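Written out below as C-alpha cells is the structure these notes cover.
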Amino acid sequence: MVSNDEKMLKERIRHLLSYKKASVSDLTDNVTLQVRYRRQINGDAAVPFSTLYKILYMYHDISADWLILGEGSMQKADHVAPHIHHNNYNNQLAPGSTQTGPVAIGHDTVNVIRGREIEERDILIKQQAERIAELEKDKELLSGLLSAFTDKPK
C-alpha cells in the first residue's frame, strides 16, 4: 500500500514532468529503466533515492526540498527569472504550503544527497563483494564434486 507521503511525492514528480513538458521516457533511453520509472511514478512501486537523484540531476533548477519534502518553491531561487514576482510562486508551491518566496537547495542538502549516494554505492559494492565470495565458494565446491565424479578409480 502506498503512503500518503509517497502519493504526494509521485504527484510532485508528475507535476514537474508536466511543467517541463517531459515524460517518464525522457528520464532515460534505457527501456528497462523507463518501465521501472513508470511503475515508480505512475504505479504502486516505491520511488527510491536513485530515481529522485536522477530527476534532480537532470533538472538542476528544481528544488530538492520541494521535490522530496513538498516544501518551498518548485524552482531554486537562483534559477528564477528576476522579472517574476512573488505572487507567481503560489502556482509552484506544494499543496498546503504557505510560503510565498523561492527556496533554494542549500549546500547541506546537496552534501546529504551526495553522502547518501556514496553510502548506497558502498552498500552495493559490499553486497556484490559478498556475492562474489559466495560464488567463489560454490565454484570450489562444484569443482571438487565434478572431479570426484570424473576421476577414475585406480
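The values are calculated or read from the model by the stated rules, or taken from the named source; none is laboratory data. Everything numeric in this text was worked out from a predicted model, so none of it was measured. Here the Cβ positions follow ideal geometry from the backbone for every residue, glycine too, while neighbour counts run over all protein chains shown.
Take the conditions more than 23 Å from residue 3 (Cα to Cα), at pLDDT below 90 and surrounded by fewer than 15 Cβ atoms within 10 Å (Cβ to Cβ) and apply them to residue 110. Does it pass? So residue 110 fits the description; yes.
Checked against (1) charged (D, E, K, R); (2) farther than 24 Å from residue 76 by Cβ; (3) touching a helix residue (DSSP H, G or I) at 6+ places or on another chain (Cβ under 9 Å), residue 12 passes all but a single condition, namely (2).
Okay, residues lined up against (1) more than 21 Å from residue 116 (Cα to Cα); (2) free of Cβ contacts under 8 Å to residues at least 12 places away in the same chain; (3) of a type outside the set (Asp, Glu); (4) part of a loop (DSSP other than H, G, I, E, B):
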position: 8; (1), (2), (3), (4): yes, no, yes, no
position: 16; (1), (2), (3), (4): yes, no, yes, no
position: 37; (1), (2), (3), (4): no, no, yes, no
position: 47; (1), (2), (3), (4): no, no, yes, yes
position: 54; (1), (2), (3), (4): no, no, yes, no
position: 57; (1), (2), (3), (4): no, yes, yes, no
position: 60; (1), (2), (3), (4): no, no, yes, yes
position: 65; (1), (2), (3), (4): no, no, no, no
position: 72; (1), (2), (3), (4): yes, no, yes, yes
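Tell me, please, whether a residue that is outside any helix (DSSP H, G or I), at pLDDT 85 or above and either at negative phi or among the aliphatic types (A, V, I, L, M) (or both) can be found in the stretch 76-94. Yes, the stretch 76-94 has at least one match. Scanning the stretch 18-35 for residues that are free of Cβ contacts under 8 Å to residues at least 40 places away in the same chain and either of a type outside the set (A, V, I, L, M, F, W, C) or touching a strand residue (DSSP E or B) at 6+ places or on another chain (Cβ under 9 Å) (or both) yields a total of 11.
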